[in-house]
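Below: one structure, written as structure tokens.
The values are calculated or read from the model by the stated rules, or taken from the named source; none is laboratory data. The model shown is predicted, which means the values in this text are computed figures rather than measured ones. Don't worry about glycine lacking a Cβ; one is built from the backbone with ideal geometry, like all the others, and counts go over all protein chains shown.
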Amino acid sequence: MKRELPLISTLGILAIILIGWWFFHGGSFRLYASLFFGLYFLTQSSWISIILVSVVQNIILLPMRILYERFHDDIKIFEDEIKKSKTDEQQFMINKKVREGSSAVIFYIINFVLVLIAFISAGRVFLLEFYKTPIEKSFLYSFIHYPEYPLKGVIFHFPLIHVTKTMAVDWYWIAYPWVILFIALALLKLLWRVLRPLLTKNEKILGLRINYNRFIAVTGGLVGTAMILITIFLRNIPLGAQVVWWSADLAEQNTVFNIVTAVCTGLATIYGGYQHNVVEAKEAKIKGIPKEIVDKVSRAHMRESVKNGIMLGLFALWVTRLMPSSHDLSVLAFEACYVLSPVTFDLLIPKKSKPLRPPEADTSP
């Protein structure tokens, strides 16, 4: 005999089906196209309307973020269970939670679907060539004023600092300190290899060994990056600069805009990883996990965030070169809203009170 689904699960599945039907029948695309041209009617500027679309989307999705905070603890437990389970078990776990009527998991799935649809639909709208070619009236709601062509505000202007004069340090003075540093690090590593067999069983200097390993782990990845950045700076020390207005036609592909988007995408990914890392570290400390383990995991997560940022930045550079720069502006606007969220939209989300210290251990016999 089949077990009946709880009411919350039935309503959740019905909501997902309706959302899917609405999406595949062009409902979300029509919504975003109407939103853009509704904002255009008010602002009479294409680039301002693109930026405002991201702002309005964050406002519309604010109730979902408030509910996410409400279910945060249960969602966190569910995510941890998913991470620890095998790939072939994850689908079973989700089905099990839905059959049990877990409100947090059902909300988690609906929220994921809505956010995914929102970004797909927004991206699709700004890929259309409607800046020069009139958009079909069927794409807009009847109450949205049909725009007059040519559209206004298609050229996006942005101030940039243009370096007019530079000075280059001679290669001798750049290479000399780097060679000394390289020799010093090589000698330090050689010395450690000589002394390490004598220190492996000496518990009194265990801290020295640990600190040395940490020093090598940290400097190993930073020295190479620092050498490249410092060398570039010393060969191009700015002596004069001026503010210039850079322009981009939103209906055309723009390589400079593509590079800016790629860099900002990489930085936003690293920033997101850092913010997530901070939250994870706080929760781990509340649970009583030793600081050494928390710091080790945090460093590993940050390295992974940097790698992801580089990969996503390169991917963004490749993808945006195939698209009009209106898509670049849309991506940058969404990323700006995300980075500024802690001092803007997040202030409207009530935070749940969390324990300030870990629960005391059970000392009963």
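If you check Val260, Val294, Val244, Val256 for being in contact (Cβ under 8 Å) with a residue 60 or more places away in the chain, aliphatic (A, V, I, L, M) and over 22 Å from Leu340 (Cβ atoms), only one passes: Val244.
One residue stands out among those in region 296-347 that are of a type outside the set (A, V, I, L, M, F, W, C) and under 10 Å from Ala262 (Cα atoms): the one that is farthest from the chain's Cα centre (by Cα), which is Thr320. Of all residues in region 57-82, count the ones that are free of Cβ contacts under 8 Å to residues at least 40 places away in the same chain, more than 19 Å from the chain's Cα centre (by Cα) and either within 14 Å of Ser102 (Cβ to Cβ) or crowded, with 16+ Cβ neighbours inside 10 Å (or both). Selection size over region 57-82: 7. Exactly one residue out of Ala248, Ala241, Ala168 is modelled with pLDDT of 75 or more, farther than 30 Å from Ser330 by Cβ and of a type outside the set (Asp, Glu): that is Ala168. Would you confirm whether any residue within region 241-258 is outside the structural domain of Val56 (by TED's automatic domain parsing), within 17 Å of Ala122 (Cβ to Cβ), touching a helix residue (DSSP H, G or I) at 6+ places or on another chain (Cβ under 7 Å) and outside any helix (DSSP H, G or I)? Yes, that holds for at least one residue.
Counting only helices (runs of 4 or more DSSP H) that sit completely within region 4-120, those holding 2 or more residues that are under 30 Å from Glu148 (Cα atoms) and touching a Leu at 6+ places or on another chain (Cβ under 6 Å) correspond to 27-43, 46-60.
Taking every residue in region 169-188 that is among the β-branched types (Val, Ile, Thr) and part of a helix (DSSP H, G or I) and pairing it with any residue that is at pLDDT 80 or above and surrounded by 10 or more Cβ atoms within 10 Å (Cβ to Cβ), at least 6 positions away or on another chain, the pairs with Cβ-Cβ distances below 8 Å are Ile174/Thr231; Ile174/Leu234; Ile174/Arg235.
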